[in-house]
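Heads up: the structure comes next, in structure tokens.
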Amino acid sequence: MRKFPFLYRALRLERQVLHALRLQERGEATLAVLVILGLQIGLREKLTLGLSWWLPALELALLVPLIALPDARTHQGARIRLSLCLTLIGIITLSNFYSVGQLVYGLLTGGKASGARLMLDALTIWTTNVLLFALWYWELDARSLSRRDAKVHRDFLFPQHASPEYAPPNWRASFLDYLFVAFTNATAFSPTDTLPLSARAKLLMMVQAAISLVTVALVAARAVNVLP
């Protein structure tokens with residue numbers, strides 16, 4: 001490689017650019033988690049597992065080492081980081097499932113919350129749902145593509161993959177792209193411009209759309225009926 005200095009400098013520059021992009025995506029994902037923590041604290045204790053603050057505190061304790069740890073350069077370090085990521089996202093997922101279940105149960109059994117409170121709870125759960133599944137899509141798809149053959153193991157087909165002439169050279173999906181996929185799936189209850197390819201991507205999109213449908217159709221409709 002040293003015999004070809006121009007090629008060496010080009011490869012080094014490419015690695016630096018990829019590293020900068022990973023740091024940017026990590027910052028965007030971290031911001032999404034912090035927003036979720038704030039939304040969880042704002043929920044009524046009836047809709048949370050225990051006290052409204054202890055679960056966000058646990059999630060923050062898992063987030064801190066993910067922020068502080070440098071990029072894992074060994075197989076063991078990568079596995080530790082992946083385990084922390086999946087544990088964090090898994091806890092948020094269980095918490096949001098519980099909140100949806102408690103909200104629906106309260107409506108079906110004649111809960112006493114006001115219409116405005118129900119609307120706020122529904123919006124909080126819906127927003128958490130969007131951010132949560134954006135994290136799932138980003139973690140499972142983007143991280144897997146960095147380790148394996150993207151053409152064989154891709155989870156999502158973005159428009160830039162189908163029409164590369166409209167994308168920059170060496171384009172790769174960022175966290176904001178996965179956030180857009182999660183938002184459109186939550187509003188349209190189906191894929192829009194990005195298609196799920198793998199079974200796990202299809203399953204995740206089905207679960208997200210179902211939660212969004214329950215939150216919007218059942219909870220919001222009930223809340224409108226009891227608004228003063």
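Values for this structure:
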| quantity | calculated |
| --- | --- |
| Lone unmet requirement of (1) closer than 30 Å to Leu120 by Cα; (2) assigned to a helix (DSSP H, G or I) for Gln160 | (1) |
| Among residues of segment 180-191, those that are surrounded by fewer than 22 Cβ atoms within 10 Å (Cβ to Cβ) and under 18 Å from His161 (Cβ atoms), counted | 3 |
| Some residue of segment 112-134 being of a type outside the set (A, V, I, L, M), modelled with pLDDT under 80 and not in a helix (DSSP H, G or I) | yes |
| Criterion violated by Leu51 - all others in (1) farther than 30 Å from Ser114 by Cβ; (2) aliphatic (A, V, I, L, M); (3) at pLDDT below 85 satisfied | (1) |
| Residue list for segment 163-204, filter: free of Cβ contacts under 8 Å to residues at least 24 places away in the same chain, touching a helix residue (DSSP H, G or I) at 6+ places or on another chain (Cβ under 9 Å) and closer than 29 Å to Leu123 by Cβ | Asp177, Phe180, Ala188, Ser190, Pro191, Thr192 |
| Single residue of Leu69, Leu107 found to be among the hydrophobic types (A, V, I, L, M, F, W, C), within 19 Å of Ser212 (Cβ to Cβ) and modelled with pLDDT under 80 | Leu107 |
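Residue by residue, here is whether (1) aromatic (Phe, Trp, Tyr); (2) more than 28 Å from Ala116 (Cβ to Cβ); (3) at pLDDT below 80 holds:
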position	(1), (2), (3)
Lys151	no, yes, yes
Glu165	no, yes, yes
Leu204	no, yes, no
Ala209	no, no, no
Val224	no, no, yes
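The values are calculated or read from the model by the stated rules, or taken from the named source; none is laboratory data. In this text, all values refer to a predicted model and were calculated from it rather than measured experimentally. So basically every Cβ, Gly included, is an ideal-geometry build from the backbone, and we count neighbours across all protein chains shown.
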